[in-house]
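The structure appears right after this line, and notes come after that.
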Amino acid sequence: MRVSYIPPEAFDIVAPDVERHLAKSIKMAHGRENMESIWQLLLTGERQLWMFFDDDNSPEGALVTRIENYPLKKMLNLMFIGGTNIEAWHEELLNTLESYAKEYGCSGLETTGRVGWKKFLSKYGWNASYLVCEKNFKAIEEEENKDAA
């Protein structure tokens, strides 16, 4: 397994695989972002693209990160991830990202995601610091309109 940072000049080559692997993760963003908006931010350098390849150089997954510049520290945020065979590449991925984050002056790694990530990441020294909850007004309005009909 190999984890690789993908530079912008290679985006055209990897785009179909990236889009396939990230589709489910982007759907979980509930309309906050789509693949087009992600590509735009990757092209500006505001975000970074990573891919995971098996021993035959076949893509197994993709990840989008962003360096978050908080007032008192920087963190590498793991934003969108998807792929197959996570057991084969997750340790190399986490080690690679930790090295990258340290190289760019980050104090650590962070992510938001499904509750299942809490159990998975806790094995690697991650702590669940908070839970993200949301209230989607459009969904509420659609439900109210359906009830009124």
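Summary table below
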{"quantity": "Tally, over region 8-44, of residues that are modelled with pLDDT under 95 and not in a helix (DSSP H, G or I)", "calculated": "6"}
{"quantity": "Residue list for region 88-104, filter: in a helix (DSSP H, G or I) and either open to solvent by 90 Å² or more (accessible area, probe 1.4 Å) or farther than 12 Å from residue 5 by Cβ (or both)", "calculated": "88, 89, 90, 91, 92, 94, 95, 98, 101, 102, 103"}
{"quantity": "Test: residue in region 112-126 that is polar (S, T, N, Q), closer than 25 Å to residue 23 by Cβ, under 18 Å from the mean Cα position of the chain (by Cα) and modelled with pLDDT of 80 or more", "calculated": "no"}
{"quantity": "Residues (in contact (Cβ under 8 Å) with a residue 24 or more places away in the chain and either of a type in the set (A, V, I, L, M) or surrounded by fewer than 12 Cβ atoms within 10 Å (Cβ to Cβ) (or both)) located in region 16-30", "calculated": "18, 22, 23, 26, 28, 29, 30"}
{"quantity": "Residues of region 56-87 satisfying the condition of being open to solvent by less than 60 Å² (accessible area, probe 1.4 Å) and in a helix (DSSP H, G or I)", "calculated": "86"}
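The values are calculated or read from the model by the stated rules, or taken from the named source; none is laboratory data. Bear in mind the structure is a predicted one, so any value in this text is a computation, not a measurement. All Cβ positions, even for glycine, are placed from backbone atoms using ideal geometry, and neighbour counts span all protein chains on display. The area values use the complete protein model at the heavy-atom level, side chains included, leaving out ligands, DNA and RNA. Shrake-Rupley method; radii C 1.70, N 1.55, O 1.52, S 1.80 Å.
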